[in-house]
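The structure under discussion appears below in the form of structure tokens.
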Amino acid sequence: MKRRLLFSTALAWTALGALPACAESPVRPPSTYDRIGTLMQLSVLDRASGRELPIYRHRGEYWVAGRPGARYAIRARNAMGERIMAVMSVDGVNIVTGETAGVLQNGYVFSGGERSDITGWRKSDSQIAAFEFTSIGNSYASRTGRPDDVGVIGVAMFRERVPVPPPAPPIAFPRRDGSTREMERRSEAPSAVAEAAPAESAAQARSADSALGAEAAGSAKGGLARPSPTSPSLGTAHGRRETSHVVHTNFERAQSTPDEVVRIRYDSRENLVAAGVIPVPPPPRWPRPEGPSAFPGSEMGYVPDPPARY
């Protein structure tokens with residue numbers, strides 16, 4: 001009976017000893033997103049694995065971690081039932097025209113619900129040069145003398161202008177003498193708001209570009225412009241040629257300013273960890289202290305007699 005009691009006590013101690021470890025709170029995972037955007041759902045695709053990279057939100061900005069040498073794509077899906085135009089930039093360069101990016105430049109038109117992977121810089125109607133993470137010095141923007149905005153992917157989205165129906169034809173009313181008189185049906189909308197003059201439209205475009213530039217500069221001054229890197233920071237290379245076909249279409253923007261702008265910044269995982277964008281697990285709650293260990297062995301049993309001195 002005494003032996004059974006001792007083993008029961010040992011089992012009780014084992015259970016009690018396991019409680020603190022179970023009660024310890026697990027590491028909270030970082031706040032990540034698969035896709036972002038309202039008019040269009042956007043993500044960054046690792047083409048080698050076929051998986052969408054986690055998008056981390058930190059201090060009001062979105063980040064993805066890239067690997068040097070890895071090819072990637074901008075995955076975009078039109079979430080609306082209407083056509084949407086997406087003007088896309090990488091490292092401050094328009095991916096279709098190669099110009100320093102502006103919101104009123106050419107882009108891709110997506111039909112309602114359409115999804116596509118944009119895999120590189122547009123070279124022709126049938127070819128692209130693949131997007132590939134690389135060092136800043138080897139990026140396409142740096143090699144063309146534009147290194148200031150390396151490390152960012154941008155998408156400016158526009159709704160399409162809905163065609164205005166033509167005015168109704170005049171209605172003819174007969175007179176008693178057999179002639180007719182016309183009564184024109186007037187539109188309820190005032191004629192003064194038809195379309196902005198070209199000069200005004202250009203001014204609005206310049207205002208939109210300057211506002212976007214100010215927003216980017218403001219975000220950069222918020223403490224996350226580009227942290228002191230622990231490894232070389234990333235840019236996007238002008239990669240190998242690949243086949244990619246497009247066709248041309250007409251698209252009239254509903255307005256000269258974007259309906260939505262999405263910005264995703266990127267860098268190496270090491271640099272994002274160092275900047276606090278990707279949290280790391282905390283150290284053990286009770287780390288082993290330096291010096292002699294209190295429990296160097298784990299043998300079960302009782303205290304034996306010491307060896308004889310003589």
So R59, is it of a type outside the set (D, E), over 29 Å from V247 (Cα atoms) and surrounded by fewer than 19 Cβ atoms within 10 Å (Cβ to Cβ): yes
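The rows are residues; the columns are (1) of a type in the set (D, E, K, R); (2) touching a Ser or Thr at 6+ places or on another chain (Cβ under 9 Å); (3) modelled with pLDDT of 95 or more.
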site	(1), (2), (3)
V246	no, yes, no
A254	no, no, yes
P258	no, no, yes
G276	no, no, no
V280	no, no, no
P283	no, no, no
W286	no, no, no
G291	no, no, no
One residue from V64, V103 being buried (at least 21 other Cβ atoms within 10 Å of the Cβ), touching an Asp or Glu at 6+ places or on another chain (Cβ under 9 Å), over 25 Å from R241 (Cβ atoms) and of a type outside the set (D, E): V103
Considering residues of the range 72-91 that are over 16 Å from the mean Cα position of the chain (by Cα) and under 22 Å from R122 (Cβ atoms) only, the residue most open to solvent (accessible area, probe 1.4 Å): R83
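The values are calculated or read from the model by the stated rules, or taken from the named source; none is laboratory data. All figures in this text were calculated on a predicted structure; none of them were measured in a lab. No Cβ is skipped: glycine too gets one built from the backbone with ideal geometry, and neighbour counts run over all protein chains shown. Keep in mind that these areas ignore ligands, DNA and RNA; they rest on the heavy atoms of the full protein, side chains included. Shrake-Rupley method; radii C 1.70, N 1.55, O 1.52, S 1.80 Å.
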